[in-house]
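Engineer: Attaching a single structure in structure tokens format; questions to follow.
Read-outs: derived from the displayed coordinates by stated rules, not from any lab. If you're wondering where the values come from, they're calculated on a predicted model, not measured in any experiment. Virtual Cβ from ideal backbone geometry, glycine too; neighbours counted across all protein chains shown.
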Amino acid sequence: MGVSPDEEKKHKKFENKYGLPFTLIADPTHTIIDKYGVWGEKQLYGRNYMGLHRTTFLIDEKGIIRKIFLKPKSKQHTEEILKAWEEIKSR
């Protein structure tokens, strides 16, 4: 599952465009985002603004966070997640 501050309409468009096999949750009020501490100050081209810090939480079936990926790199991220999940499951 993915969470972002975007509206549901934008999520649906993204899900359809990329054929995602998981749900995206719209959180424009930051209910979930704030609980995970991933909303904060960012900087781009010397300009400060508030935004979402890209972070992935690997959460098991019991709701326990098993791994946190800070600033994931898009192209390698799927492989990173799968590898980490396999390592967790083999323990």
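Engineer: Please list the non-local residues whose amide H lies under 5 Å from the amide H of Ile25, H modeled 1.01 Å from N, same-chain partners needing a gap of 5 or more.
Structural biologist: Amide H neighbours of Ile25, under 5 Å, 5+ apart: Gly2, Val3, Ser4.
Engineer: Taking log10 I(q)/I(0) by the Debye sum over Cα atoms at q = 0.13, 0.14, 0.17 Å⁻¹ straight from the coordinates, which label in (1) -0.41, -0.47, -0.70; (2) -0.53, -0.62, -0.90; (3) -0.48, -0.55, -0.73 is the correct one?
Structural biologist: Answer label, from the structure shown: (2).
Engineer: Follow-up. About the Cα centre of the chain, what is the dipole size in debye to 20, counting +1 per Lys and Arg Cβ and -1 per Asp and Glu Cβ, all else neutral?
Structural biologist: 260
Engineer: Same structure again: Starting from the Cα-Cα distance between Thr78 and Met1, subtract it from 0.36 nm times their residue separation and give me the gain in nm to one decimal.
Structural biologist: Going from the current span to full extension adds 26.4 nm.
Engineer: How tilted is helix 8-18 with respect to the longest principal axis of the chain? Cα atoms for both, answer in degrees (0 to 90, nearest 10).
Structural biologist: 50
Engineer: Would you be so kind as to identify which of Asn16, Tyr36, Asn48 lies farthest towards the positive end of the dipole of the stretch 1-53, taking Lys and Arg as +1 and Asp and Glu as -1 on Cβ and the Cα centre as origin?
Structural biologist: Asn16
Engineer: In terms of the Cα gyration tensor, with a ≥ b ≥ c the square roots of its eigenvalues, is the stretch 1-53 rounded because a/c is under 1.5, prolate because a/b exceeds b/c, or oblate? Please list the in-between numbers first.
Structural biologist: Working: a/c = 2.54, a/b = 1.65, b/c = 1.54.
Cα axes put the stretch 1-53 in the prolate bin.
Engineer: Name the residue, out of Lys35, Lys13, Lys62, whose mean-square fluctuation peaks in a Gaussian network model built on the chain with Cα pairs under 10 Å.
Structural biologist: Lys62
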